[in-house]
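Trainee: The structure is given below, and queries will be raised subsequently.
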């Protein structure tokens, strides 16, 4: 199943792999600045606090999604949905391709009217299959987005707590850093806390509201 021009499922190995490749990587966010709560100050003894210089922390949000228990569970479920999609629609697509090939081989035998009728039937079957696949993909993607939002919701207070505990003035995403020392990276303790607060998530396919888009987030680099 290399080419999927007939039913419009795209090139590549499988329907499942199309959106697994796009969705599995996780969230990539731009560099962000976390602000402490009003009235908070750098903790006494915090490096840089006495000197009055900026205290910078770095967190790798992509690594959080890939290695936290909730993030790994999210990735596992995405993979399972991909396999299920392939099993559900792969044979139907294969049958359409075989019927299309058979029609081409009968081109010199069938009358123009009969050929047009069979072409119309194949086109309608392909369009119907494509519609079913797209609707199911959209529901799964929406469920993935909601699960990722759940992780982000749990992650926000943890980042803010670490920010305040370290008396930081700036928190950046690892993707925005060219060079930096290990001691400013707080990814590991953030993951530990996230694992305690949110050990798992569940992807529940849900049809998106009419007029809304369910495009996947850009992959982490």
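Trainee: Looking only at region 50-97, how many residues end up being in contact (Cβ under 8 Å) with a residue 40 or more places away in the chain and on the phi > 0 side of the Ramachandran plot?
Mentor: Number satisfying all stated conditions: 0.
Trainee: Specify which of the listed residues (200, 204, 212, 181) is exposed (fewer than 11 other Cβ atoms within 10 Å of the Cβ) and under 29 Å from residue 76 (Cα atoms).
Mentor: Among 200, 204, 212, 181, only 212 is exposed (fewer than 11 other Cβ atoms within 10 Å of the Cβ) and under 29 Å from residue 76 (Cα atoms).
Trainee: Related question: If you go through region 146-188 one residue at a time, how many are assigned to a helix (DSSP H, G or I) and either under 18 Å from residue 67 (Cβ atoms) or out of contact with any strand residue (DSSP E or B) (no Cβ under 7 Å at 6 or more places or on another chain) (or both)?
Mentor: 26
Trainee: The conditions are (1) touching a strand residue (DSSP E or B) at 6+ places or on another chain (Cβ under 6 Å); (2) surrounded by fewer than 16 Cβ atoms within 10 Å (Cβ to Cβ); (3) modelled with pLDDT of 90 or more, and residue 31 fails exactly one of them. Which is it?
Mentor: Tallying (1) touching a strand residue (DSSP E or B) at 6+ places or on another chain (Cβ under 6 Å); (2) surrounded by fewer than 16 Cβ atoms within 10 Å (Cβ to Cβ); (3) modelled with pLDDT of 90 or more, residue 31 fails exactly one: (3).
Trainee: What's the total number of residues in region 93-111 that are closer than 14 Å to residue 121 by Cβ, part of a helix (DSSP H, G or I) and more than 35 Å from the chain's Cα centre (by Cα)?
Mentor: Counting residues in region 93-111 that are closer than 14 Å to residue 121 by Cβ, part of a helix (DSSP H, G or I) and more than 35 Å from the chain's Cα centre (by Cα) gives 2.
Trainee: Whether any residue in region 119-139 is within 35 Å of the chain's Cα centre (by Cα) and under 23 Å from residue 67 (Cβ atoms) is what I want to check.
Mentor: No; the residues of region 119-139 include none that is within 35 Å of the chain's Cα centre (by Cα) and under 23 Å from residue 67 (Cβ atoms).
The values are calculated or read from the model by the stated rules, or taken from the named source; none is laboratory data. Quick caveat: nothing in here was measured; it's all calculated off a predicted structure. Virtual Cβ from ideal backbone geometry, glycine too; neighbours counted across all protein chains shown.
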